[in-house]
Amino acid sequence: MNHFNYIIVVNTYNRPLELVLRNLQACLIQKIPPQKINLIDQNDEGLNLPQEILTNHLIIRTKTNKKSVSAARNTLEVPENIEWIFFCDDDGFPCDDYSEKLEKIISENPTVDILAGSIVREDNKEFYTLRHKKGGSFKSFRNTKNLMGSNFVIKVKVFDELGRFDEKFGAGSMWGSSEETDFCWKAYFSGKDMGFFPELIVYHVPPFNESFKDGFHKAYKYGVGKGALVSKWLFKKKKFKVIYELLEMISIPFIQSFRGLFTFRFGLIATNFAALSGRLYGMIKYLITTK
């Protein structure tokens, strides 16, 4: 039987070796094996991989000095005749029957260009985000954030047609986040056929309890990226549907802050203040720096 052909791409940076190995093992046991598993190693010193991984003919480890996840993923060299790319984060791992579900979905949806899967916590098997729990069609702009960089599949030709990732977005880049939403909006406004399929599961480590300082800093940093993203698409590219995202990114922190006030969760107020501040700063800075 001729199966669809695909590769898996995992980029890793500052991640415990055991998580990366767990990911690779889950990729290797897929019933429909990938043609290759591309491990993009962004660490200053390459991961100390065991011999059975280094000698496995399916695994290609590429060392890169690119610090941003977007730039690292853009270095990908796709072998000839490969149809699909599956992007998966190094701290997650695909469910055992991921490849079989993927083949079934592709056969039943022959026009689809991009497939977004769900992220599920490994400890309690609940959806990692409320957005994934709700689901929804990509025909609605509000659902485009269901595509997460830690679990999506795309046709090779579409990945190249769209110009790959904007290297100014994403962890380690100028704006620090939002690379997958930026990419999804590029696909959405280009009219690509996208779908959210929650049965395509990547299990993910549960969120850890951050210190107040770390949570505050992270909220601000991610906010800067979101603000820059909205500025790019609303003000520079004149995509007025992004007004929805602008309203949401400003209103949600106020709503969450009121919740924090009435429940005496002052940390919630502080992190939402940081997020809002970062978003406004990122939005203004993008306009100023990209004239």
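Here are the numbers:
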{"read-out": "The stretch 39-91: relative contact order as a whole-number percent, Cα under 8 Å and 6+ apart", "value": "38 percent"}
{"read-out": "Percent of C-alpha pairs per 5 Å bin, the stretch 1-77, short to long", "value": "3, 15, 27, 25, 18, 8, 3, 1, 0"}
{"read-out": "Alpha carbon centroid spacing (whole Å) that separates the stretch 235-291 from the stretch 81-119", "value": "32 Å"}
{"read-out": "Per-selection Kirkwood Rh - the stretch 182-225 (Cα, Å, 1 d.p.)", "value": "14.0 Å"}
{"read-out": "Positive minus negative residues near His204 (Lys, Arg vs Asp, Glu; Cβ under 12 Å)", "value": "-3"}
{"read-out": "Rg in Å to one decimal, and Dmax rounded to a whole Å, for the stretch 190-285 via C-alpha atoms", "value": "16.0, 45"}
{"read-out": "Within-15-Å neighbourhood charge of Lys104 [Cβ basis; K, R +1; D, E -1]", "value": "-4"}
{"read-out": "Check: the stretch 85-165 dipole with +1 on Lys, Arg Cβ and -1 on Asp, Glu Cβ, in debye", "value": "600 debye"}
{"read-out": "Cα-based convex hull, the chain, per residue volume (Å³, whole number)", "value": "140 Å³"}
{"read-out": "Residue of Asp113, Asp44, Asp182 that the Gaussian network model of the chain assigns the largest fluctuation, springs spanning Cα pairs under 10 Å", "value": "Asp44"}
{"read-out": "Cβ crowding within 10 Å averaged over residues, with 250-257, 50-57 ranked highest first", "value": "250-257, 50-57"}
{"read-out": "Cα convex hull of the stretch 119-239 - mean projected area over all directions, nm²", "value": "8.3 nm²"}
{"read-out": "Summed side-chain charge close to Phe127 - residues other than Phe127 whose Cβ falls under 13 Å, Lys, Arg +1, Asp, Glu -1", "value": "+1"}
{"read-out": "Residue among Leu200, Phe183, Val224 farthest towards the positive dipole end of the stretch 176-270, charges placed on Cβ", "value": "Val224"}
{"read-out": "Under 19 Å from Lys226, Cα to Cα: lysines that are on another chain or at least 8 residues apart", "value": "Lys145, Lys168, Lys186, Lys218, Lys236, Lys237, Lys238, Lys239, Lys241, Lys285, Lys291"}
{"read-out": "Computed label-point distance, nm, for sites Leu28 and Glu77 using a 7 Å Cα→Cβ extension", "value": "2.4 nm"}
{"read-out": "Relative contact order for the chain, counting Cα pairs under 8 Å that sit 6 or more residues apart, in percent", "value": "18 percent"}
{"read-out": "Relative compactness, the stretch 7-125, computed as alpha-carbon Rg over 2.2 N^0.38 Å", "value": "1.07"}
{"read-out": "The stretch 139-151 - phi-based ³J(HN,Hα) in whole Hz, Karplus 6.51/-1.76/1.60, Gly and Pro as x", "value": "5, 9, 4, 5, 8, 5, 6, 6, 7, 10, x, 7, 6"}
{"read-out": "Dipole magnitude (debye, nearest 20) for the chain, charges at Cβ of Lys, Arg, Asp, Glu", "value": "1580 debye"}
{"read-out": "Kirkwood-type radius of the stretch 45-107, with distances r between different C-alpha atoms, in Å", "value": "14.5 Å"}
{"read-out": "For peptides 262-272, 31-41, 154-164, sequence by mean Cβ density within 10 Å, most packed first", "value": "31-41, 154-164, 262-272"}
{"read-out": "Radius of gyration, Dmax [the stretch 104-149; alpha carbons; angstrom]", "value": "12.1, 35"}
{"read-out": "The stretch 26-108, dipole about Cα centre (Lys/Arg Cβ +1, Asp/Glu Cβ -1), debye to the nearest 20", "value": "220 debye"}
{"read-out": "Residue-averaged [θ]222 nm for the chain, counting only DSSP H segments that reach four residues, each worth -39500 (n - 2.57)", "value": "-12500 deg cm²/dmol"}
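Every read-out reported here was derived from the displayed coordinates using simple, explicitly stated rules and does not represent laboratory data. Owing to the predicted nature of the structure, the values given are computational and were not obtained by experimental measurement. Backbone-built Cβ (ideal geometry, glycine too); neighbour counts: all protein chains shown.
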